[in-house]
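A short write-up of the structure that comes next.
Nothing in this text is a laboratory measurement; each read-out follows from the coordinates by a stated rule. Just so you know, these numbers come straight off a predicted model, no measurement behind them. Cβ atoms come from the backbone with ideal geometry, glycine included; neighbour counts cover every protein chain shown.
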């Protein structure tokens, strides 16, 4: 039996660069519905097994991801993932992909799609919370849709982590500086890319007209912003039902005075231009929990290009 072709991290990025992934998702969300079965299985108080199957016109796929909180202390990545991609008509397996690398591509691409619609055209600063793979991916993705950004500010869990990230991340020659939370939150575009269980974005530093992306939480155990910022912002999500089940910040806020009825739009509505920014002073917030359909359409593009 012939072994299936495997796309590792390098091959995935070579086949579908970040800017192309943004356009793949833009086209998909203009035309696709979504299948969002329950996907989370607890492996312990802070560990998870995620299973994400999806069907799209371009293929069938399933991603298996483990999140083990003690891995960094073991010198291992927090997240491991594997993806199986199959032909849409026959169900025949066509390829396997590095699931972590696929996530590192499609998640920032979804944030960039939302940013392209929601962020002001004149933004000049990018604030990043986090120093991992998603943080680096979001620098690349946001700069792809807002190339006029002039500088990047990063807030890490520790000053040393922030400084190491600032020295290593590729921002296309733009200055990258490590700074406290208030400085990162005061940028024109702010991205939360952490696994924090407590809010990290300083809501009182977020200025009118800011666009915020949040990708770190996928359960009620995690959240990156407080209820005040959720209440002050126009909130957009990747998909409403998924957000109601998994968006930690929104679920926490909904236990108080905020309501899921206040969601202003989803990724499909953003991609089709049905919703967007309504004023220059509006704070917009895009909360992503990650959708299986994002994986399958990007995986299909990788396999087709490879």
Check your understanding: Which shape class applies to segment 3-160: rounded if a/c is under 1.5, otherwise prolate when a/b exceeds b/c and oblate if not, where a ≥ b ≥ c are the square roots of the Cα gyration tensor eigenvalues?
Key -> oblate
**Study point:** DSSP bridge pairs, the chain: antiparallel proportion in percent, nearest 5
**Key:** 50
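Rg/Rh for segment 46-94 to two decimals, with Rh computed the Kirkwood way over all alpha-carbon pairs. Don't jump to the answer; show the numbers that get you there.
Numbers: Rg = 14.2 Å, Rh = 12.1 Å.
Ratio value, two decimals: 1.17.
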Check your understanding: Angle, helix 159-168 long axis vs. longest principal axis of the chain, Cα atoms, 0 to 90°, nearest 10?
Key -> 60
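Exposure proxy check: 133, 139, 24, 190 ranked by fewest other beta carbons within 10 Å?
Values: 133 19, 139 26, 24 23, 190 31.
By the 10 Å Cβ count, ascending, the order reads 133, 24, 139, 190.
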Study note, to complete from the structure: Distribution output for segment 86-140: share of Cα-Cα pairs per 5 Å bin in percent, first bin at 0, values 4, 15, 19, 19, 14, 10, 9, 6, 4, 1
Check your understanding: Based only on the alpha carbon positions, what is the Kirkwood hydrodynamic radius of segment 206-306, in angstrom?
Key -> 14.3
Practice item. For the chain, find the longest principal axis of its Cα atoms and tell me its angle to the long axis of helix 99-118, 0 to 90°, nearest 10. Key: 50
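Of the beta bridges DSSP finds with both residues in segment 149-306, what % are antiparallel, to the nearest 5?
Roughly 0 percent of the DSSP beta bridges within segment 149-306 come out antiparallel.
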Review point. Regarding segment 120-290, what are the three Cα extents along the principal axes, ordered largest first, in Å?
Key: 42, 33, 27
Exercise for review: On a 0 to 90° scale, report how tilted helix 292-305 is relative to the longest principal axis of the chain, with both axes built from alpha carbons and the result rounded to the nearest 10.
Suggested key: 60
Review point. How long is segment 124-201 along each principal axis, judged by its Cα atoms, biggest number first, in Å?
Key: 32, 21, 19
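So how do 234-241, 202-209 stack up, highest first, on mean other-Cβ count within 10 Å?
On the way: 234-241: 22.1, 202-209: 16.2.
Peptide ranking by packing, descending: 234-241, 202-209.
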